[in-house]
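Written out below as structure tokens is the structure these notes cover.
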Amino acid sequence: MPAPKHPKPIPNPKRSADEPLRFSHPAEEAFARVLDFYETRWEYEPMTFPLEWDEDGRVTTAFSPDFYLIDEDLYIELTTMKQSLVTKKNRKLRLLHELYPDVQCKLMYRRDIENLAVKYGLFEGAASGTTNLE
């Protein structure tokens, strides 16, 4: 089934305001610390963007960017996967831009996160330039 003419994001069904915040990866927690240090207002995985639907109109593919930077109106997705394995995430980002042209979302790659880790000493071993982002 083709995408609806004007698809709408939905509040992330996996997130509950009553639950304590749990990051999926240490890189996300470290990135949140950088945002907090710079007093950047953010939300963690607040929205889910449907990207593909089956013939009955049920969502089959969706994307929930890791962070929403409130004052910048910008979503950030972190990926710590090897560059050769990010094809699926890049595809979702391309679909997001096609279906939601007014939504700004940036993908931060492993090398970007490693640079932050070294610069800010975010992970064990960051001072020596070695990080454990696996």
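What follows is calculated from the coordinates using simple rules that are stated; it is not laboratory data. Quick caveat, the model's predicted, so the values are computed rather than measured. All Cβ positions, glycine included, derive from the backbone under ideal geometry; neighbour counts span all protein chains shown.
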Review point. Packing-wise, with mean Cβ within 10 Å as the measure, how do 71-79, 98-106, 6-14 rank, highest first?
Key: 71-79, 98-106, 6-14
Point to revise | For the stretch 41-55, Karplus couplings with θ = phi - 60° (6.51, -1.76, 1.60), whole Hz, Gly/Pro x | key: 6, 8, 10, 9, 6, x, 10, 10, 10, x, 10, 9, 10, 7, 5
Point to revise | Under 5 Å, built H, 5+ apart or other chain: amide partners of W42 | key: I70
Study note, to complete from the structure: Amide H proximity to L74 below 5 Å, modelled H, separation 5+ or other chain, gives L69
Study note, to complete from the structure: Note, the stretch 112-119: 3J(HN,Hα) by Karplus (6.51, -1.76, 1.60, θ = phi - 60°), whole Hz, Gly/Pro = x, goes 5, 5, 4, 4, 5, 4, 5, 4
**Study point:** Relative packing of 34-45, 56-67, which averages over residues the other C-beta atoms within 10 Å, highest first
**Key:** 56-67, 34-45
Practice item. Determine ³J(HN,Hα), in whole Hz, for all residues of the stretch 95-107 in sequence, where each value follows from phi through the Karplus function 6.51 cos²θ - 1.76 cosθ + 1.60 and θ = phi - 60°; x replaces Gly and Pro. Key: 4, 4, 5, 5, 7, 10, x, 8, 8, 9, 9, 10, 9
